[in-house]
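These notes concern the structure reproduced below.
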Ligand code: GRF
C-alpha cells in the first residue's frame, strides 16, 4: 500500500530577507525584482536604513515593505544602537541579512547574533580596494589610478572587519583605456544587479 505523503516534507517554507541600505537602492530593487520573478524563493520582511531622505525607502514603500531608520547619531551608547537594530531584526526574523549599499559598519553585537547570515555586496574584486573610504566612485577612481585592467564586484559574508569576511562570489569587468570612474561604476553596477540576486537565491535555496 502506498504510504501517505508527508506534506510537510514538501512544503516550501518561505524564507525572510532583511535588507540594509543607505542610498539609491538599485541592489534592493534587483532583489525585489528577482523575488517577484520567482528567482528567489523568499520575501523581504524589512528594510533598515541609517538615513531618512533616500530613494531606497520609496522603493520599499512602493513594494509594501516596512522600513525603519536607525541613525547611530541618535544614540549615546553603542549598545543601545545595537539593541534597537536587534529588536527590528527579531521582529522581521531574517534567514539572511543583505547589506545592499549600506555604508556603516554593523555593530559587533548584531554581527555576532547573526554570524554567517549577513552578506554584503562591494564594488571591487576583494580583497582589493576594501575598507573604510573605499565606497562609490572612490573605489573606481583608485582602480583607474592603479592602472588596473579589470575590476568587478564581490559578495561576501560579513564579519567584524570592513569588507573582510569569506568571499561567496565575484564578477569581473574590463577596464578600458579611456574609462572614467563613472564608466566603470556603470559597468560594475550592471554586474552587481546580476550577481547579488544569484547569490541570495543560491543561499536561500540551500537545504536547511
Ligand atoms: C553598490 O555599488 C554596492 O556595491 C555598494 O554600494 C552601492 C549601492 O548602490 N556597497 P545601490 O544603493 O544599490 O544603488
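Taken together, the values in this text are just the output of simple stated rules run on the coordinates, not laboratory data. Small disclaimer: the values here were computed from a predicted structure and weren't measured. Positions of Cβ are generated from backbone atoms using ideal geometry, with glycine treated the same way; all protein chains shown enter the neighbour counts.
So for the chain, what are the equivalent ellipsoid semi-axes in whole Å, largest first, each being the square root of 5 times an eigenvalue of the Cα gyration tensor? Kindly include the intermediate steps, with their values, before the conclusion.
On the way: eigenvalues 180, 101, 51 Å².
Rounded to whole Å, the semi-axes are 30, 23, 16.
Using the 2.2 N^0.38 Å rule of thumb for compact globular proteins, work out how region 41-121 stacks up: its C-alpha Rg over that value, please.
The reported ratio for this selection is 1.06.
Specify the residue with the greatest mean-square fluctuation among 59, 187, 73, computed from a Gaussian network of the chain linking alpha-carbon atoms under 10 Å apart.
73
Given Cα pairs under 8 Å that are at least 6 residues apart, what percent is the relative contact order of the chain? Don't jump to the answer; show the numbers that get you there.
Details: 354 pairs, mean separation 42.0, N = 208.
Across the chain, relative contact order equals 20 percent.
Find how much the distance from residue 79 to residue 62 grows on full extension, using 0.36 nm per residue of separation minus their present alpha carbon separation; answer in nm with one decimal.
Details: separation 17, 0.36 × 17 = 6.12 nm, distance 3.23 nm.
Length gained, residue 79 through residue 62: 2.9 nm.
Over all alpha-carbon pairs of region 92-208, lay out the pair-distance distribution in 10 Å bins, whole %, shortest bin first.
Bin by bin from 0 Å, the calculated values are 14, 45, 30, 10, 1.
List 173, 32, 14 from most exposed to least, where exposure is judged by having the fewest other Cβ atoms within 10 Å.
Fewest to most other Cβ atoms nearby, the residues stand as 14, 173, 32.
Mind giving me the FRET efficiency for residue 109 and residue 14? R0 is 25 Å, r the Cβ-Cβ distance, nearest 0.05 is fine. Show your work: numbers first, answer last.
Working: r = 27 Å, r/R0 = 1.10.
Efficiency at R0 = 25 Å is approximately 0.35.
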